[in-house]
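Enquirer: This is the structure I have questions about; it appears just below.
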2 protein chains.
Amino acid sequence: MGRMERLDQQLRFVTEIDRLKGVLRQTMLTEPPRRENSAEHSWHLAVMALTLADHAPPGTDIGRVVAMLLVHDLVEIDAGDLFAYADQAQHARQQEAESAAADRIFALLPPDQATAFRGLWDEFEERRTQEARFARGLDRLQPMLANLKVGGGTWQEHGITADQVLVNVKLIEDGSPDLGRYARDLVARAVRDGLLAPAHGGGSAA
Amino acid sequence: MGRMERLDQQLRFVTEIDRLKGVLRQTMLTEPPRRENSAEHSWHLAVMALTLADHAPPGTDIGRVVAMLLVHDLVEIDAGDLFAYADQAQHARQQEAESAAADRIFALLPPDQATAFRGLWDEFEERRTQEARFARGLDRLQPMLANLKVGGGTWQEHGITADQVLVNVKLIEDGSPDLGRYARDLVARAVRDGLLAPAHGGGSAA
């Protein structure tokens with residue numbers, strides 16, 4: 001493949017991924033109030049990785065974390081975003097849809113890059129490396145910060161309780177003890193301030 | 001400063017930059033039709049840097065290009081986005097507003113990071129390194145791809161002509177000969193297809 005032919009193929013991928021800007025998440029933004037899309041969410045996570053790098057385990061390759069976060073949601077162009085608190089059956093269906101989406105979307109790239117980008121996505125999904133665990137922790141922390149900012153957000157809208165959020169706190173701890181500690185404090189504060197109901201069946205703050 | 005105090009300060013920055021999602025650019029998106037915001041634009045550029053890395057001059061540090069692109073528009077939180085084809089007086093006022101914005105926004109970070117992030121922004125603005133020139137080229141190419149996708153976009157809306165776009169093509173060439181060549185072909189194609197008027201005074205396609 002010639003250089004300019006390769007460039008043509010790369011730019012078809014660049015044009016296709018524009019569609020991630022139209023994939024809406026549950027997270028609410030303010031000024032103006034609207035749902036967050038997956039492209040701006042991915043940007044926010046990548047800047048978080050740069051900013052919070054010193055809370056990653058020693059030796060973490062932050063460049064790899066950033067690259068992973070930039071591409072981790074591309075599959076949602078076909079599969080859409082699934083709310084983190086959806087049930088297991090929904091998560092299983094989503095996994096199948098995302099895998100098919102990865103097959104299609106990364107294959108738009110020249111073969112060597114298709115393999116490299118797909119590798120980043122698989123790594124993020126499998127959560128075996130410390131880079132993937134740190135990235136996943138940021139992905140779980142960001143919506144918690146957003147909910148705190150809007151005074152409850154999706155927690156109240158969907159009647160989410162502290163015990164459900166603490167499952168995500170464990171994933172954050174798994175990526176970074178510092179961020180896990182911060183997230184645990186954040187949940188306690190949200191419960192104390194009435195933004196998050198203490199436990200399932202314990203009465204919703206909604 | 002303790003680790004958790006440092007983390008608190010970093011997270012205030014992370015929360016503040018959420019506002020970039022509310023800064024609108026001239027570029028129009030489709031599905032649904034709306035203006036692009038600067039956060040999702042920054043994401044798109046960062047993925048472009050990863051995808052088009054092999055068209056950067058040999059030895060370009062792509063991790064640094066990505067980091068630069070992720071933070072290059074943060075000043076717009078205070079200064080807003082200025083259309084690339086605004087006049088010189090507007091550009092001068094914008095430069096002043098962006099410099100003041102950089103002073104405020106990067107200072108939210110712990111001092112060592114404030115210096116590092118501000119350094120990335122200064123590097124992007126000064127366009128002296130090959131990393132900054134490649135990043136700037138991507139920043140000029142992306143709206144051209146968007147205009148092509150929507151059949152004219154801001155070119156038609158603002159009566160922009162090919163000679164004006166070719167000024168940007170030079171900046172793209174300055175960052176990457178391959179991308180410059182592609183952009184020059186793109187302009188010729190857009191003129192031929194009636195999406196872009198050939199020259200100032202030569203009649204607008206709008």
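The values are calculated or read from the model by the stated rules, or taken from the named source; none is laboratory data. What you see is a predicted model, and the numbers here were worked out from it, not measured in a lab. Glycine gets a Cβ as well: all are built from the backbone with ideal geometry, and neighbour counts include every protein chain shown. In case anyone asks, the SASA skips ligands and DNA or RNA and just uses the protein heavy atoms, side chains included. Shrake-Rupley method; radii C 1.70, N 1.55, O 1.52, S 1.80 Å.
Enquirer: Expected output is a single nm value to one decimal: the length gained when fully extending between B:Lys149 and B:Asp61, i.e. 0.36 nm times separation in residues minus the C-alpha distance. What is it?
Expert: Taking 0.36 nm per residue and subtracting the Cα distance, the gain is 28.7 nm.
Enquirer: Counting alpha carbon pairs within less than 8 Å and at least 6 residues apart, what relative contact order, in whole percent, applies to chain A?
Expert: 20
Enquirer: Sticking with this one: If amide hydrogens are placed 1.01 Å from N in the peptide plane, which non-local residues have theirs closer than 5 Å to the one on B:Gly80?
Expert: none
Enquirer: So, one more: Give the ranking of A:Lys149, B:Lys170, A:Lys21 by solvent-accessible surface, highest area first, calculated with a 1.4 Å probe.
Expert: Sorted descending by solvent-accessible area, the residues read B:Lys170, A:Lys149, A:Lys21.
Enquirer: Calculate what fraction, in whole %, of the accessible area of chain B sits on carbon and sulfur atoms when a 1.4 Å probe is rolled over the protein chains.
Expert: 51
Enquirer: Next up: Just B:Leu11, B:Leu52, B:Leu171 to compare: in a GNM of chain B, with alpha carbon springs under 10 Å, which one fluctuates most?
Expert: Among B:Leu11, B:Leu52, B:Leu171, the largest GNM mean-square fluctuation belongs to B:Leu11.
Enquirer: Could you tell me what a quarter of the Cα convex hull surface of segment B:1-107 works out to, in nm² with one decimal place?
Expert: 9.3
Enquirer: Along Cα→Cβ at 7 Å, what distances in nm separate the B:Gln88 label point from those on the other copies, shortest first?
Expert: Computed spacing set for this position: 6.9 nm.
Enquirer: Right, here's the next one. Take every residue in peptide B:3-13, count the Cβ atoms of other chains within 10 Å of its Cβ, and give the average of those counts.
Expert: The mean count of partner-chain Cβ atoms within 10 Å per residue comes to 4.
Enquirer: Can you put B:Phe106, A:Phe83 in order of accessible area, largest first, using a 1.4 Å probe?
Expert: Largest accessible area first, the residues go A:Phe83, B:Phe106.
Enquirer: Follow-up question, since we're still on this one. Take the Cα atoms of segment A:1-42, find their three principal axes, and give me the spread along each one in whole Å, biggest first.
Expert: Over segment A:1-42, Cα extents along the principal axes are 47, 16, 13 Å.
Enquirer: Where does the protein assembly as shown land at 222 nm, in deg cm²/dmol rounded to the nearest 500, when only DSSP H runs of n ≥ 4 count, each adding -39500 (n - 2.57), divided by all residues?
Expert: My calculation for the protein assembly as shown gives -20500 deg cm²/dmol from helical runs alone.
Enquirer: Hey, another quick one. How are the Cα pair distances of segment A:74-177 distributed, in percent, across 10 Å bins from 0?
Expert: Calculated over all Cα pairs of segment A:74-177, the distribution is 13, 37, 36, 12, 2 percent.
Enquirer: A follow-up question, please. Report the normalised scattering of chain A as log10 I(q)/I(0) at q = 0.11, 0.15, 0.17 Å⁻¹, calculated by the Debye formula with identical scatterers on the alpha carbons.
Expert: Here the Debye-derived log intensity ratios amount to -0.55, -0.99, -1.23.
Enquirer: Using r as the Cβ-Cβ distance of A:Ser99 and A:Arg128, and R0 as 22 Å, what FRET efficiency do you calculate, to the nearest 0.05?
Expert: 0.80
Enquirer: Every other copy gets compared here: list the nm distances from the B:Asp61 label point (7 Å along Cα to Cβ) to its counterparts, shortest first, one decimal.
Expert: Relative to the other copies, B:Asp61 has label-point distances of 1.7 nm.
Enquirer: Something else: Over segment A:122-187, how many percent of alpha carbon pairs lie in each 5 Å bin up to the one with the longest distance?
Expert: Calculated over all Cα pairs of segment A:122-187, the distribution is 4, 19, 28, 23, 15, 9, 3 percent.
Enquirer: A further question follows. Can you tell which of A:Ala84, A:Ala49, A:Ala183 shows the greatest fluctuation in a Gaussian network model of chain A with Cα springs below 10 Å?
Expert: Between A:Ala84, A:Ala49, A:Ala183, it is A:Ala84 that shows the largest mean-square fluctuation.
Enquirer: Please figure out what share of the DSSP beta bridges in the protein assembly as shown is antiparallel and state it in percent, rounded to the nearest 5.
Expert: Expressed as a percentage, antiparallel bridges in the protein assembly as shown total about 75.
Enquirer: Continuing with this model, one more query. How many nanometers, to one decimal and shortest first, lie between the label point of B:His158 and those of its other copies, if labels sit 7 Å from Cα toward Cβ?
Expert: Listed shortest first, these distances are 4.0 nm.
Enquirer: By a straight-distance test (C-alpha under 28 Å), which lysines pair with A:Lys21 as possible cross-link partners, with residues fewer than eight away in the same chain excluded?
Expert: Filter leaves A:Lys149, B:Lys21, B:Lys149.
Enquirer: Placing unit charges on C-beta atoms (Lys and Arg positive, Asp and Glu negative, everything else neutral), compute the dipole magnitude of chain B about its Cα centre in debye, rounded to 20.
Expert: Numbers: 23 positive and 31 negative charges, 72 e Å.
Here chain B has a charge dipole of around 340 debye.
Enquirer: Considering chain A as a Gaussian network with a 10 Å cut-off on Cα pairs, which listed residue, A:Glu96, A:Glu31, A:Glu173, attains the greatest mean-square fluctuation?
Expert: Of A:Glu96, A:Glu31, A:Glu173, the most mobile in the Gaussian network model is A:Glu31.
Enquirer: For the protein assembly as shown, would you read off the P(r) tail past 39 Å as a percentage of all alpha carbon pairs?
Expert: Details: 15288 of 84666 pairs.
When every Cα pair of the protein assembly as shown is considered, 18 percent fall beyond 39 Å.
Enquirer: A further question follows. Nearest 100 Å², what total accessible surface is buried between chain B and chain A (probe 1.4 Å)?
Expert: 4500
Enquirer: Can you give the charge dipole size of segment A:65-154 about its Cα centre, rounded to the nearest 20 debye, using +1 on the beta carbon of Lys and Arg and -1 on the beta carbon of Asp and Glu?
Expert: Charge dipole of segment A:65-154: 360 debye, to the nearest 20.
Enquirer: Would you please state which residues of segment A:17-54 a label at B:Asp112 would reach in this model, taking the label point 7 Å out along Cα→Cβ and a backbone N cut-off of under 16 Å?
Expert: A:50-54
Enquirer: What's the magnitude of the charge dipole for the protein assembly as shown around its Cα centre, counting Lys and Arg as +1 and Asp and Glu as -1 at the beta-carbon? Answer in Debye, nearest 20.
Expert: 220
Enquirer: For segment A:89-139, what log10 I(q)/I(0) values come out of the Debye formula at q = 0.13, 0.17, 0.19, 0.26 1/Å, with one point per alpha carbon and no solvent?
Expert: Cα-only, vacuum Debye calculation for segment A:89-139: -0.36, -0.59, -0.72, -1.00.
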